[in-house]
1. Fewest Cβ neighbours within 10 Å first, please rank Met176, Met141, Met35, Met285 accordingly.
2. How high is the FRET efficiency between Trp234 and Met285 when r is their beta carbon distance and R₀ equals 25 Å, given to the nearest 0.05?
3. Calculate, in nm to one decimal, what Glu295 and Leu219 gain on full extension: separation in residues at 0.36 nm each, minus their alpha carbon distance.
4. By the scheme Lys and Arg +1, Asp and Glu -1, what is the net charge of all other residues having a beta-carbon under 14 Å from that of Val211?
5. Full extension from Phe311 to Tyr59: what is 0.36 nm times the residue separation minus their Cα-Cα distance, to one decimal in nm?
6. Fewest to most neighbouring Cβ within 10 Å: what's the order for Asp38, Asp83?
7. Using θ = phi - 60° and the Karplus curve 6.51 cos²θ - 1.76 cosθ + 1.60, what whole-Hz ³J(HN,Hα) does each residue of the range 194-205 get, with Gly and Pro shown as x?
8. To the nearest 0.05, how large is the calculated FRET efficiency for Val24 and Ile89 if R₀ is 22 Å and r is the Cβ-Cβ distance?
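Nothing in this text is a laboratory measurement; each read-out follows from the coordinates by a stated rule. The structure presented is a predicted model; accordingly, all values stated were derived computationally and were not measured. Every residue, glycine among them, receives a Cβ derived from its backbone with ideal geometry; neighbour counts consider all protein chains shown.
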Amino acid sequence: MFHLIFSSLDSFVSAVQTLLYVDVVQPLLYRFDLMDYDEDTYDSLYWVIVGVLEVLAMYAILRPLEALRPVEQWESRRAVRIDVLYTWIAKLGILNLFFFFALQPFFDNVQGWLRLHNISNIEFDNLWPGVTTQPLVTFVMYLLVLDFAGYWYHRWEHRIGVWWELHAVHHSQQQMSLWSDDRNHLLDDLLQASFFAVIALVIGVPPSQFVVLVAITNLAQSVQHANIRLYFGWLGERLLVSPTFHRRHHAIGYAHAGLKYGCNFGVLFPWWDMLFRSVSWSREMEPTGIGDQLEGRRYGDGFWAQHWLAFVRIAARLTSKRRPGERNDAAAV
Ligand SMILES: [Zn+2]
Ligand SMILES: [Zn+2]
């Protein structure tokens, strides 16, 4: 059953991939003399299609709910528009290109080197022989390992000052919506994609499952950022990260400068927050953003301004150990 869903989704995407490739992409590559990139472009097209389907599904499901049960009413949706741009860039362009043209060849080399030196990966099958014949069991194990890694990646983003300045682009949105998940500094996106791809490689996630794992995580994260008054109930809140739970993470004053440098870092499951004592179950619907925005600090309105200002903040951090008036900075690098 599980396998059937995977394979029918896969064959649908593959059919669209072939159709688009033959009718649109290949003639263009041929025309501009880029046939050397033939195979890589074909492969990356798969991810582009998955990205478009994700965005369409997310919009169709979440936008009506945002209209029906909003947490916040906005006079203008202007600030949301920039997040739509981030979403399309992340889902369609940069990450796919980076993944296929830089990361994939690098991994192939690493794999080749490991094989040459007779070093095997820490694949689950080596630890637990036969487990990979149980697709559902391995899928859940991959999901848990990647989610655990995601929790710590996110905590470090808040703990390490220089890294926080990149992540601050995500937190500076004061009108959080279904589009906000992909509002990330591109450098942070690249770091994150490499981090997860390395882990996936080390534990031996098959590429077909990796696509599904990424798609599930992305969809769940879009739900968490949506401007929807949605509480999963006492048990539900403890099983899966909800919009209420993640809104608390974005609450102004808690995101960075608060208690223990923030709370509710979990990506899919709140269990890591419960285990490592960074959880807050408060149900209060607070405004989102970064504390110093209330004091007038600007994080930029446009795409380039947001990227550039992050580098300016990093430079300031590196040149002066502590900015005057900044709270809780002593433990951050
Ligand atoms: Zn965060
Ligand atoms: Zn977020």
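1. On the way: Met176 27, Met141 18, Met35 12, Met285 15.
Starting with the residue having the fewest Cβ neighbours, the order is Met35, Met285, Met141, Met176.
2. Numbers: r = 18 Å, r/R0 = 0.70.
Working from the Cβ atoms, E equals 0.90.
3. Working: separation 76, 0.36 × 76 = 27.36 nm, distance 3.37 nm.
Working it through step by step, the gained length comes to 24.0 nm.
4. -2
5. Numbers: separation 252, 0.36 × 252 = 90.72 nm, distance 3.19 nm.
Here the answer is 87.5 nm.
6. So the residues, fewest neighbours to most, are Asp38, Asp83.
7. Per residue, the Karplus-derived 3J(HN,Hα) values read 5, 4, 6, 5, 5, 4, 4, 5, 5, 8, x, 6 Hz.
8. Numbers: r = 20 Å, r/R0 = 0.92.
After rounding, the FRET efficiency stands at 0.60.
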